[in-house]
1. Do we have residue 97 as more than 15 Å from the chain's Cα centre (by Cα) and more than 24 Å from residue 298 (Cβ to Cβ) here?
2. Does any residue of region 279-289 turn out to be within 20 Å of the chain's Cα centre (by Cα) and over 29 Å from residue 170 (Cβ atoms)?
3. When you look at residue 52, is it free of Cβ contacts under 8 Å to residues at least 40 places away in the same chain, within 19 Å of residue 139 (Cβ to Cβ), part of a loop (DSSP other than H, G, I, E, B) and assigned by TED's automatic domain parsing to the domain that holds residue 276, yes or no?
4. Report whether or not residue 176 is within 24 Å of residue 221 (Cα to Cα) and either surrounded by fewer than 19 Cβ atoms within 10 Å (Cβ to Cβ) or not assigned by TED's automatic domain parsing to the domain that holds residue 134 (or both).
5. Hey, any hits in region 89-108 for a residue that's within 30 Å of residue 140 (Cα to Cα) and crowded, with 22+ Cβ neighbours inside 10 Å?
6. Starting from region 204-223, take each residue that is more than 11 Å from residue 127 (Cβ to Cβ) and in the same structural domain as residue 145 (by TED's automatic domain parsing) and list its partners that are outside any loop (DSSP other than H, G, I, E, B) and modelled with pLDDT under 95, counting only C-beta distances under 8 angstrom and pairs at least six apart or across chains.
7. Among residues belonging to region 266-286 that are outside any loop (DSSP other than H, G, I, E, B) and out of contact with any strand residue (DSSP E or B) (no Cβ under 6 Å at 6 or more places or on another chain), point out the one that is surrounded by the most Cβ atoms within 10 Å (Cβ to Cβ).
């Protein structure tokens, strides 16, 4: 029986683990086969406070993990197949590891960026392919960039990237955009943004030095061409990792967990959520870490008020 079980090991889950472990709660952290969250797929992180020279994403996550372990957090690796939240204590089934029981749960399973699924895309993450403009835009100063997508997030990323790039080309499969009118207007008014609509991305082209272009098909003529670029930003949305919960927790239309305003509390008492799994707006390592702190403190108070501390 654990006082608290944390599902997920990105900045949110590991921060929650550090706080609970320091409070002598001995939390159990269940990490998937790819621990550390999205930061492990990035190279240098320059916007996490405390690292004036920057730090590599995997190193930052490894440091957070060691910090949690130092204070007594326990780690188990495996997929959480199911969670029974019908009554406390909660029961979790972990593939290959059996059942774990906890008086409280913190969900920090994050949100996965959607990918195009084309050749050269995943191979070049950190070498010119990115899913986060605020994380990586700085590295493309005075370069040419492509943003793929047609929704609000694509317009937002394109506008943001014009702060650094000489030109941002927006590639979208359809002739029309899904983005709201105000976001479209803002992008169209930006002289640094050019448009390649009705183009289907086929392949990210790269050399030994990194990305050099994006091969696309013109949906009208059927012709293929390579648009030269130094970077490709995929902005087709994120999918929160909440499927395993089987609808036991309130989520919004996109699957993000709904928390009570100003807290990490879900609609199930004793279950808390932090990080990108409940944040479709900011999606930054530092905001995830902050919400992990909130979840740990909320969880601690809940256990205290229920005589479990």
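1. For residue 97, the condition - more than 15 Å from the chain's Cα centre (by Cα) and more than 24 Å from residue 298 (Cβ to Cβ) - is met.
2. Filtering region 279-289 for residues within 20 Å of the chain's Cα centre (by Cα) gives 279-289.
Filter once more, keeping what is over 29 Å from residue 170 (Cβ atoms): 289.
So far as region 279-289 goes, yes, one or more of its residues are within 20 Å of the chain's Cα centre (by Cα) and over 29 Å from residue 170 (Cβ atoms).
3. So residue 52 fits the description; yes.
4. yes
5. no
6. Within 8 Å, no pair qualifies.
7. 275
The rows are residues; the columns are (1) at pLDDT below 95; (2) touching a helix residue (DSSP H, G or I) at 6+ places or on another chain (Cβ under 7 Å); (3) outside any loop (DSSP other than H, G, I, E, B).
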site	(1), (2), (3)
187	no, yes, yes
191	no, no, no
195	no, no, yes
200	no, no, yes
203	no, no, yes
213	no, no, yes
244	yes, no, yes
248	no, no, no
261	no, no, no
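The values are calculated or read from the model by the stated rules, or taken from the named source; none is laboratory data. Small disclaimer: the values here were computed from a predicted structure and weren't measured. Glycine also receives a Cβ, built like all others from the backbone with ideal geometry; neighbour counts cover every protein chain displayed.
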